[in-house]
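Chemist: Just dropping this structure here.
What follows draws every value from the coordinates through simple rules; no lab data is involved. From a predicted model like this one, the values you see are computed outputs, not experimental measurements. Cβ: placed from backbone, ideal geometry, glycine included. Neighbour counts: every protein chain shown.
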Amino acid sequence: MVYLFLILTPIVIDFYIDYQLVLQLLLLISFGLVVLIWLVQLIIYPNFQYISSAELIKWHKIYTPRITAVVAPLMIAQLILSIYLIFYSFSIFNVLALTLIVLNWLITFIYFIPLHVKIDSDNINQTSLRRLVQLNWCRTIIWSCVFFIVLTEYLT
């Protein structure tokens with residue numbers, strides 16, 4: 001039993017990460033997601049309507065895995081770091097940031113993944129493409145708010 005304790009103690013101690021470092025990483029990741037979502041909102045999604053249906057399907061099948069490879073690790077890291085901060089320092093900023101991050105995950109899985117599946121299956125029209133842009137304003141605003149909340153927490 002003592003032997004097991006001696007083995008696990010360094011692992012537990014090494015798990016501790018400085019609050020400021022975690023906050024800086026969260027700020028950096030949140031900034032990356034804000035830049036990315038604004039590019040998607042202002043440039044990528046609006047241009048879907050100018051691509052023919054056949055070309056959109058072909059391009060979208062390339063776009064989706066590539067954007068997922070960029071966004072998914074950032075979203076996962078943002079969620080993990082914000083959960084860590086809640087346990088490390090329970091504050092209104094951390095609770096609000098985590099709540100908005102979880103909300104963004106829900107919106108993504110409930111609305112956006114199905115819309116992208118519809119595009120891949122050629123089950124999309126101009127109305128759906130406009131809806132994609134309109135609904136994405138929610139994620140754009142949420143990710144922007146998360147960034148400003150984390151920035152405020154970092155600066156205080």
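Chemist: Of the options W38, L135, L21, report the single residue whose Cα projects farthest towards the positive end of the charge dipole of the chain (beta-carbon charges: Lys, Arg +1; Asp, Glu -1).
Modeler: L135
Chemist: Let me ask something else about it. L103 versus K61, label points 7 Å from Cα toward the beta carbon: distance in nm?
Modeler: Label at L103, label at K61, 3.7 nm between them.
Chemist: Counting pairwise Cα distances across the stretch 38-94, what percent come out greater than 19 angstrom? Write out the running numbers ahead of the final one.
Modeler: Numbers: 811 of 1596 pairs.
Value for the stretch 38-94 (Cα pairs over 19 Å): 51 percent.
Chemist: How compact and how long is the stretch 70-136, expressed as Rg and Dmax of its alpha-carbon atoms in Å?
Modeler: Both quantities, over Cα of the stretch 70-136: 15.4, 47 Å.
Chemist: Still on this structure: List, in order, the whole-Hz ³J(HN,Hα) value for each residue of the stretch 48-65 obtained from phi through the Karplus relation with A = 6.51, B = -1.76, C = 1.60 and θ = phi - 60°; use x for Gly and Pro.
Modeler: So the J values, rounded to whole Hz, are 4, 6, 9, 9, 4, 4, 5, 5, 4, 4, 5, 5, 4, 5, 8, 4, 4, x.
Chemist: All other residues with a Cβ under 13 Å from the Cβ of T64 taken together, and with Lys, Arg as +1 and Asp, Glu as -1, what is their net charge? Each step should come with its number before you reach the end.
Modeler: Details: positive: K58, K61, R66, K118; negative: D120.
It works out to a net charge of +3.
Chemist: In sequence order, what are the phi-derived ³J(HN,Hα) couplings for the stretch 127-138 according to the Karplus relation 6.51 cos²θ - 1.76 cosθ + 1.60 with θ = phi - 60°, rounded to whole Hz, with x for glycine and proline?
Modeler: 5, 5, 5, 5, 5, 4, 5, 5, 5, 5, 4, 4
Chemist: Which value, in Å to one decimal place, does the Kirkwood hydrodynamic radius take for the chain when every pair of different Cα atoms is included? Walk me through the numbers before you get to the answer.
Modeler: On the way: mean 1/r = 0.0574 Å⁻¹.
17.4 Å is the Kirkwood radius here.
Chemist: Between N125 and Y88, what is the spin-label point distance in nm, taking each point 7 Å from the Cα along the Cα→C-beta axis?
Modeler: Between N125 and Y88, the label points sit 5.0 nm apart.
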